[in-house]
Amino acid sequence: MLRTRTRLAYLGLVMVILAFGCDGPPIPASSGTESPSDVSRSGTSAPAAEQETESINLSSVDETHRLDDLGVSVRTPNHWIRLNSGAAWSPNETKDLLVGVKTADLLPPQEPEALLLPSPSEIVDAVEVLVDGHWGRRFALEVFDPSPPPAGERATVVSYEIHVLVVVQRGGVRRALDLFVTAGSVANLEAIEEAFDAFVTSAALH
């Protein structure tokens with residue numbers, strides 16, 4: 001009796017192996033996605049698709065100004081208002097912000113700082129900069145009311161300015177170039193500083 005049962009069990013096992021093969025029961029095909037439990041077990045999730053950013057062509061919104069009498073070309077946003085002087089622009093109608101260019105020929109022993117920086121003023125920062133391949137200096141200043149302040153008081157600040165001074169040789173003459181921005185408050189200066197830096201970067205000497 002025991003032999004019969006053993007023989008039947010053996011025959012049953014053989015039939016199972018023949019039905020499924022030696023590798024065991026078939027495994028369902030993957031659907032191509034992981035379930036939340038699969039993600040938690042693996043410890044990682046599929047990377048999110050990168051978000052595309054739109055590039056802006058600044059040349060389409062800028063205007064180039066060739067100032068032959070000053071020997072320089074600059075670019076400004078095309079909505080800036082050009083003033084009567086021809087070498088100064090304002091981004092608004094109130095003209096409490098000005099960006100511009102001026103030059104002066106230096107005679108020995110003149111230096112550009114004494115000739116072009118406003119007075120009375122105080123330099124609060126100065127760094128070297130490169131403008132169209134020429135080294136210059138960038139000055140941040142507080143410009144004071146020229147009238148004497150009351151005794152014991154500091155002079156009133158009337159504007160906050162940045163001046164980038166560069167000296168070049170033109171026909172044997174040392175010419176100083178002043179790229180500047182002036183504002184009535186620190187907040188206004190900070191608001192336009194990035195645009196002014198682009199203005200300086202755009203300068204092409206000729």
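Read the figures in this text as sums done on the coordinates, not as results from a lab. Quick caveat: nothing in here was measured; it's all calculated off a predicted structure. FYI the Cβ positions are ideal-geometry reconstructions off the backbone, even for glycines, and counts take in every protein chain you see.
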- Query: Restricting the search to the range 92-144, which residues are closer than 23 Å to ALA191 by Cβ, out of contact with any His (no Cβ under 9 Å at 6 or more places or on another chain) and in a loop (DSSP other than H, G, I, E, B)?
  - Reply: ASN92, GLU93, THR94, LYS95, ASP96
- Message: Any residue that is under 19 Å from HIS206 (Cα atoms) and among the hydrophobic types (A, V, I, L, M, F, W, C) - is there at least one of those in the range 105-116?
- Response: yes
- Item | So PRO118, is it at negative phi, surrounded by fewer than 19 Cβ atoms within 10 Å (Cβ to Cβ) and either over 29 Å from the mean Cα position of the chain (by Cα) or among the small types (Gly, Ala, Ser) (or both) | no
- For the range 88-141, how many residues meet the condition of being of a type in the set (Val, Ile, Thr) and in contact (Cβ under 8 Å) with a residue 24 or more places away in the chain? 5
- Being more than 14 Å from VAL99 (Cα to Cα), in a strand (DSSP E or B) and out of contact with any Ser or Thr (no Cβ under 7 Å at 6 or more places or on another chain), is that true of even one residue in the range 180-201? no
